Structures are given as C-alpha cells and as structure tokens.
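K.L.:
Following this message is one structure expressed as structure tokens.
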Amino acid sequence: MKRLDLIFSERELDAIIKALEIAEVPGYTVMKHATGRGPQTIVSEDMEFTGLGANAHVIVFCEEEVLEKIKTNVSPTLNYYGGVAYVSEAIEL
C-alpha cells in the first residue's frame, strides 16, 4: 500500500479531484486551508483574505498500480500551477 500526499493551491482543488477520479483512486482525504513554509514561499491564513488563497492537502492511499495513472492525470496541473506530490509506504495497523 502507498500513501500519496499532494499539496497545492486550494484554487486547483477541483482540477486535482477530477484528475484523481479519472485515475479511479479508491478514496482520498481533503484538508483545506493548509499553511506552512516551502523552499520559496510562506503560505499563511492571511493569504486567504488577500485573494491569493491557501493550500490544500490531499492524501490518497492506493496500490502501486494506481500511482502511475494518478501521476499521468495530476502532473499537468501540478507542473503548470505548482504544488508537490510525495509517495511513501503505508502499513495498515
């Protein structure tokens, strides 16, 4: 089992969810209003009020075979608008 963490601008949430649905992921969790610091920028709650928006964090648990479909569908949005995706091992308790 793999865990995929996607962090991107909340404005692109609909596009990312659509890409995940096309990839036929078994499910996902969405956390809006994610804040923090990246290598180039800081995203704070104040950015929501300026119109720049905050980030969203989407977590997907899936089998490795599904990851390639996710990558194909999600990469164009992340590459164009920015964002990160990380894959790690997940072991169910």
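Values quoted throughout were computed directly from the atomic coordinates according to the rules given, and no laboratory measurement underlies them. Fair warning: this is a prediction, and the values are worked out from it, not measured in the lab. Cβ coordinates were reconstructed from backbone atoms using ideal geometry, including for glycine residues, and neighbour counts include every protein chain displayed.
K.L.:
Using amide H atoms built 1.01 Å from N in the peptide plane, name the residues 5+ places from GLY82, or on other chains, whose amide H lies under 5 Å from its own.
P.N.:
The answer is none.
K.L.:
Taking θ as phi - 60°, what are the ³J(HN,Hα) couplings along segment 73-85 by the Karplus curve (6.51, -1.76, 1.60), each to the nearest whole Hz, with x for Gly and Pro?
P.N.:
Karplus values, whole Hz, x for Gly and Pro: 7, 8, 3, x, 5, 5, 5, 7, 9, x, x, 10, 9.
K.L.:
According to a simple spin-label model (label point 7 Å from Cα along Cα-to-Cβ), what is the distance in nm between SER75 and LYS32?
P.N.:
With each label point 7 Å from Cα toward Cβ, the separation is 3.0 nm.
K.L.:
Which residues' amide hydrogens lie under 5 Å from the amide hydrogen of ALA54, considering only partners 5 or more residues apart or on another chain, with H built in the peptide plane?
P.N.:
Amide H neighbours of ALA54, under 5 Å, 5+ apart: GLU10.
K.L.:
Summing Lys, Arg as +1 and Asp, Glu as -1, what charge do residues with Cβ under 13 Å from the Cβ of LYS71 carry, LYS71 excluded?
P.N.:
Counting the neighbours of LYS71, the net charge comes to -1.
K.L.:
Amide H of ALA90 versus every other amide H placed in the peptide plane: which residues, excluding those fewer than 5 positions away on the same chain, fall under 5 Å?
P.N.:
LYS2, ARG3
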